[in-house]
Amino acid sequence: MTATFATVDDYIGSFPPETQEILQEMRRTIHRVVPDAGEKISYQIPAVTAKGRVIVYFAGWKHHVSLYPVPDGDEDFERLVAPYRASKGTLKFMLKEPVPYGVIETVSRHLLDQHGASA
């Protein structure tokens, strides 16, 4: 990606309408989990913050959307994220398949809990 974006809205607006809808729903899902969430562009992708610290990143691509970082978790958590794990810290959701927003919510909650415990 060579473009630079000033805001998360600019970033999302750079995608085709169908992808914009998915990214907006990812954004809403994360915001429901993260109280008083902030947003910024970091590493040229959207980052959702709490108390000034990045909790989770999300991004759009040509054929998928992604969520980062994905923490390790217990067996139930690992079973939940396994079908979408693209690498140790990345979940990839293909655009041609329904996006599992419940998984995004669970991962966001897990990340928020981790950050809360380490703060």
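None of the figures in this text is laboratory data; all of them are computed from the coordinates on show. Owing to the predicted nature of the structure, the values given are computational and were not obtained by experimental measurement. Cβ placement follows ideal geometry from the backbone for every residue including glycine, while neighbour counts extend to all protein chains displayed.
Data overview
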item	result
Residue list for region 95-119, restricted to those being out of contact with any Phe, Trp or Tyr (no Cβ under 9 Å at 6 or more places or on another chain) and more than 15 Å from Ile55 (Cβ to Cβ)	Lys96, Glu97, Pro98, Tyr101, Gly102
Tally of residues being assigned to a loop (DSSP other than H, G, I, E, B), surrounded by fewer than 16 Cβ atoms within 10 Å (Cβ to Cβ) and free of Cβ contacts under 8 Å to residues at least 40 places away in the same chain across region 33-52	4
The listed residue being within 19 Å of His115 (Cα to Cα), of a type in the set (Val, Ile, Thr) and part of a helix (DSSP H, G or I), out of Ile30, Ile55, Ile22	Ile30
Filter pass, Ala59 being among the aliphatic types (A, V, I, L, M), crowded, with 17+ Cβ neighbours inside 10 Å, within 19 Å of Tyr11 (Cα to Cα) and touching a Ser or Thr at 6+ places or on another chain (Cβ under 6 Å)	yes
